[in-house]
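The values are calculated or read from the model by the stated rules, or taken from the named source; none is laboratory data. Quick caveat, the model's predicted, so the values are computed rather than measured. Neighbour counts run over all protein chains shown; Cβ positions are idealised from the backbone, glycine included.
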Amino acid sequence: MSKMTIPLGPQHPALKEPVNFTLVLEGEQITGSTVNLGYNHRGVEKAAESRTFLQDIYLIERVCGICSHSHTTCYITCVEELAKALVPERALAIRTLVAELERVHSHLLWLGIAGYEMGFETLFMYSWRDREQVLDCLEMVSGNRVHYGINTIGGVRRDITAEQKKIILSKISYLEERTKYYVKLGTEEPTVLARTQKVGMLPHDVALERGAVGPTARASAVKRDVRKDEPYLIYDKLDFNLITHDTNDVFGRLVVRVLELVESYKIIRQVLNYLPEGPIAVKVPAKIGPGEAVSRYEAPRGEDFHYVKANGTDKPERVKVRAPTMANYPSVSYMLDGGYLADVPMVIAAIDPCMSCTDRAMVYDNKAGKVQIYGWDDLRKYGIEHYKKRGIDFSKM
Amino acid sequence: MTIDPILLALIYILIFPGFIFLTVYGLFLQWFDRKISAVMQNRVGPPWYQALADIIKLLSKEVIIPDACDTVMFKILPYFAIAAVVTAALLLPIWTDALCSFQGDLVVVIYLLTIPTVTFFLAGWSSTSPYATIGSMRVLTQLFAYEVPMMLSLIGPAILAGTWNISEIAGFFTAHKPYMLAQIPAFFVALMALQGKLERVPFDIPHAKNEIVGGQFTEYSGRLLAFFYLAVDMEMVVGAGLINAIFLGATLGTAGILGAVIFLAKTLAIVFLLTLTKVLMGRVRIDQMVRFCWQILAPLSMAQILFDIFLKFRLG
C-alpha cells in the first residue's frame, strides 16, 4: 500500500489546542511523525518583564487554564526567595490544599478526555460531572473555578474557615467513593483495556533518555516526583505514596493518574487537619533583588520549572517558564512511531498535553541555517507585510 | 369505491410503510436513542424535535462540492442509499405480512441493506481527501467483518423455519413461540452486527471523529449530508424491523393498528438494546473489531446454525 501523509491539527477534533502532528501512514500504521509547535505563542515571558512582580502573578496564572495554581506557586516561590520573605506556615498549608484540589480537578478532567478520545462518552460525562464537586470546593476557597488568584507575594489572599473545611471533607469523601468506581472501570472494562493496553509504549530507559516527567514518566516506573525529590510548601510534613506503574503504556498512565487521585484525597485530609494557626500573609517590599532564583514544582502534568531574575526594581528582568508538556513532547514522537492511526488521539492525550502553556516560537533561516532574533519592531513589520500580501492593510493603525 | 392499484402502490412506496413513515420513525428513533443515552449519561438530552430540526437546518445549508472529487458520483450516492433502504422496508412485515413477499426475500433484504454501506465507501472514495479515503477504507474493512456474522445469524432461524421468506419465518415463530428462546445467541450476534452496520459505538470506527474527523462524510455538507444521515436513520428502522421479523415473530399474528403498535414497541426495545451497547462501551480499533467479529460472532452464529439443524431433525 502506498504511503499517505495526513495532517493532525492544528485544527482537529482530537486536539483541544492548536499543534500539528504530521503523520506518515502505511494503511493504518504510522511509519513517521513530526511535531510542529508555534501556533499559539503568546509571549507571556516577554510580557512579564514589563509588569511588576505582583501584576505578574495574574499574568503567569494565565499561562495555563488547568494548572494555573501550579504556575503561580512556582513563580512566587522564586520571588519570595529573592525577597527573602518568610511565608507563614498557614499560607503554605493553604497553598498546598489548593494545589492538591487542583490536581484532583486536573486528573478528573484528564480521565474525561481519555474517555472521549477512546469514544467512551459515558466515562467523559461521569468524570466531568464529578469534577464539578472539586470545582465547587475551589470556588468556595478562592472565589473562582479556574484562575483562583489565591497566591500573593508573601502568602495567600484568603483564609479557610472551619465551615469550609467541613464542606471540603464531605465532598472529598464523595469523590473518594466515585474514584473507587473509576479504578474498577479503568482496570476491568474490556473496551478501555483494549484501547489502552500495549498502546503508546514508552520503555523505562527511553523515558529516562527523553526526560519524560509527571505521570507519563511514572507510568514507565520512573520514580520522579518533585514533591518527594525536593519537597516544597509543606510536602515534607505529609505522608503520601509515590505512585508508579510498570506497564509503560497508556493503561499505566491511566492507573497512575487514578491512584494519584486517591493520594491527593489523603493529602487534602492531612492538610486540613494540620492547618496551623497564624497570619496568612506577610508584607513584602515592592522592589526585589538583585539576584536570580529557580524553583521546581510538581504540577498535575509533571515537573514545572520557573526561573526569575531580578535587578532591584519592582519589575523582573527575566522570567522563564518551562511547562511540563515541553518535557513530554520528545516522548510523544517516540510513542507514535509504529502505532496505529486509531491510537494517535489516545497517545497524545495520555501525556495530558497543554499546548498553549508550552508553546515556543523560533525564526529559523533555512538558507543561512541559523536562528534569527526578531525585535518588537521587526515583528510588527513582519506582521504588516504578512497581512498586506493577503489584502489587508494594518500599517495605518 | 375501489382504490386504483397504482395509487395504492404509490401510497405504499411514498407514505406508509415507505418514505414518509421511515423518515418520521427514523428521526424519532434517532431522538429516542439520543435522549435515552443522555439520560443514562446523566445529561438532559435534546428536545423531541431536535432530529427534525437538524435535518431542516442541513437541508437549508449550502452544498459544497470539492473540485477534486467525482461530481456525479458525489451527488447521486445519498439518493442511492435512501432508495435501497426504502426498498428493503417494503419487504418487511410491519403492520401485517410484508407487501411483497416471495421465497428468498430474506436474501434480498440483506443485499439491499449492504447497498448503503457500499455507497458510504464510494462517497468517501470519491471525495479524495485523506480523511475520507481512510474512512472509506475502514467502511469496507468493517463491512467484511460484520456482514458474514449477520448473514449467518439470520440463516439459523430460516433453517429452523424451513423457508427463506421473512413473513413465513415470522409466522413460524409466532406459532412456536418457545423456539424464540433458542435463538438468543443468534439474536445477540445480529444485534452486534447491526451495531456495526449502523456504525455506532463501539463500531463507529469509519467516522471516529477524534481520529479522522468526519470519516467518509468529511467532505459532505448541506443537503447531501442530510440525506446520508437520513439514510442511516432509516437503516436503523429497517435493521430493527428485520431483527424483529426474524427473531421476534414480527406482528405475532395480529394485523392493522395493533400489529403496527406491536412493531413499534418491539423495534423501540431493540433500539434500546443498541443504545445500551453504545453507552456502555468505548470505541474499539479496526483490527480488534475484525477479530471480534470473526473469532466470536461468526463461530457463535455457526454454532447456532448447527443447533438449529439438530433441532430441525428432532422436530422431523
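Just one of the listed residues (A:Glu89, A:Glu100) is surrounded by 21 or more Cβ atoms within 10 Å (Cβ to Cβ) and assigned by TED's automatic domain parsing to the domain that holds A:Ile76, namely A:Glu100.
Residues being acidic (Asp, Glu) and either under 15 Å from the mean Cα position of the chain (by Cα) or surrounded by 16 or more Cβ atoms within 10 Å (Cβ to Cβ) (or both) are represented in the range B:105-113 by at least one member. Selection of the range B:166-180 for residues being polar (S, T, N, Q) and surrounded by fewer than 20 Cβ atoms within 10 Å (Cβ to Cβ) yields only B:Thr174. Of all residues in the range A:307-316, none are surrounded by fewer than 23 Cβ atoms within 10 Å (Cβ to Cβ), outside the structural domain of A:Val192 (by TED's automatic domain parsing), out of contact with any Leu (no Cβ under 9 Å at 6 or more places or on another chain) and outside any loop (DSSP other than H, G, I, E, B). Among the residues examined, B:Gly253 does not qualify as within 14 Å of chain A (Cβ to nearest Cβ), of a type outside the set (Asp, Glu) and not in a helix (DSSP H, G or I). None of A:Leu97, A:Leu111 is modelled with pLDDT of 90 or more and within 14 Å of chain B (Cβ to nearest Cβ) except A:Leu111.
Per-residue answers, yes or no, for (1) more than 14 Å from chain A (Cβ to nearest Cβ); (2) over 19 Å from B:Ala269 (Cα atoms):
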{"site": "B:Val109", "(1), (2)": "yes, yes"}
{"site": "B:Gly156", "(1), (2)": "yes, yes"}
{"site": "B:Val189", "(1), (2)": "yes, no"}
{"site": "B:Gln195", "(1), (2)": "no, no"}
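The single residue among A:Gly278, A:Gly252 that is modelled with pLDDT of 90 or more, assigned by TED's automatic domain parsing to the domain that holds A:Arg90 and farther than 14 Å from A:Val79 by Cα turns out to be A:Gly252.
Considering the range B:84-195, there are no qualifying helices (runs of 4 or more DSSP H) wholly inside with 2 or more residues that are in contact with a Cys (Cβ under 6 Å, 6 or more places away or on another chain) and without any contact (Cβ under 8 Å) to a residue 60 or more places away in the chain. Looking only at residues in the range A:207-224 that are surrounded by fewer than 24 Cβ atoms within 10 Å (Cβ to Cβ) and in a loop (DSSP other than H, G, I, E, B), the one that is farthest from the other protein chains (Cβ to nearest Cβ) is A:Lys223. Among residues of the range A:1-19 being surrounded by fewer than 16 Cβ atoms within 10 Å (Cβ to Cβ) and farther than 17 Å from B:Ser129 by Cβ, the one that is farthest from the other protein chains (Cβ to nearest Cβ) is A:Lys16. Suppose the filter is surrounded by 13 or more Cβ atoms within 10 Å (Cβ to Cβ), more than 14 Å from chain A (Cβ to nearest Cβ) and not in a helix (DSSP H, G or I); does B:Pro47 pass it? Against the criterion (surrounded by 13 or more Cβ atoms within 10 Å (Cβ to Cβ), more than 14 Å from chain A (Cβ to nearest Cβ) and not in a helix (DSSP H, G or I)), B:Pro47 does not qualify. Taken together, the criteria place B:Trp31 among residues that are surrounded by 16 or more Cβ atoms within 10 Å (Cβ to Cβ) and within 22 Å of B:Leu268 (Cβ to Cβ). Within this structure, A:Tyr340 fails the test of being surrounded by 15 or more Cβ atoms within 10 Å (Cβ to Cβ), more than 14 Å from chain B (Cβ to nearest Cβ) and in contact (Cβ under 8 Å) with a residue 60 or more places away in the chain.
Taking the listed residues A:Thr22, A:Thr73, the one that is surrounded by fewer than 24 Cβ atoms within 10 Å (Cβ to Cβ) and β-branched (Val, Ile, Thr) is A:Thr22, with no other qualifying.
Quick check on the range B:197-211: of everything there that is crowded, with 21+ Cβ neighbours inside 10 Å and acidic (Asp, Glu), which residue is nearest to the other protein chains (Cβ to nearest Cβ)? The residue in question is B:Glu211.
With respect to the stated conditions, A:Val146 is part of a loop (DSSP other than H, G, I, E, B) and not aromatic (Phe, Trp, Tyr). Do you know which of the residues in the range B:196-222 that are part of a loop (DSSP other than H, G, I, E, B) and more than 21 Å from the chain's Cα centre (by Cα) is farthest from B:Glu147 (Cα to Cα)? Across the range B:196-222, the extreme among qualifying residues is B:Ser221. Here is a check on your reading of the model: is A:Gly155 modelled with pLDDT under 90, within 30 Å of A:Lys309 (Cβ to Cβ), more than 14 Å from every other protein chain (Cβ to nearest Cβ) and in contact with a Ser or Thr (Cβ under 8 Å, 6 or more places away or on another chain)? So A:Gly155 does not fit the description; no. On the given criteria, is A:Leu82 more than 14 Å from every other protein chain (Cβ to nearest Cβ) and touching a Gly at 6+ places or on another chain (Cβ under 6 Å)? Yes.
Summed over the range A:190-206, residues that are surrounded by fewer than 24 Cβ atoms within 10 Å (Cβ to Cβ) and touching a residue at least 24 places away in the same chain (Cβ under 8 Å) total 10. Among the numbered conditions (1) surrounded by fewer than 18 Cβ atoms within 10 Å (Cβ to Cβ); (2) touching a residue at least 40 places away in the same chain (Cβ under 8 Å); (3) of a type outside the set (S, T, N, Q), the only one that A:Gly154 does not meet is (1).
Within the range A:25-36, the only residue that satisfies the criterion of being crowded, with 19+ Cβ neighbours inside 10 Å and modelled with pLDDT under 85 is A:Glu28.
Residues that are in contact (Cβ under 8 Å) with a residue 60 or more places away in the chain, hydrophobic (A, V, I, L, M, F, W, C) and over 15 Å from B:Met234 (Cα atoms) within the range B:1-58 comprise B:Ile36, B:Met40, B:Leu58, listed in sequence order.
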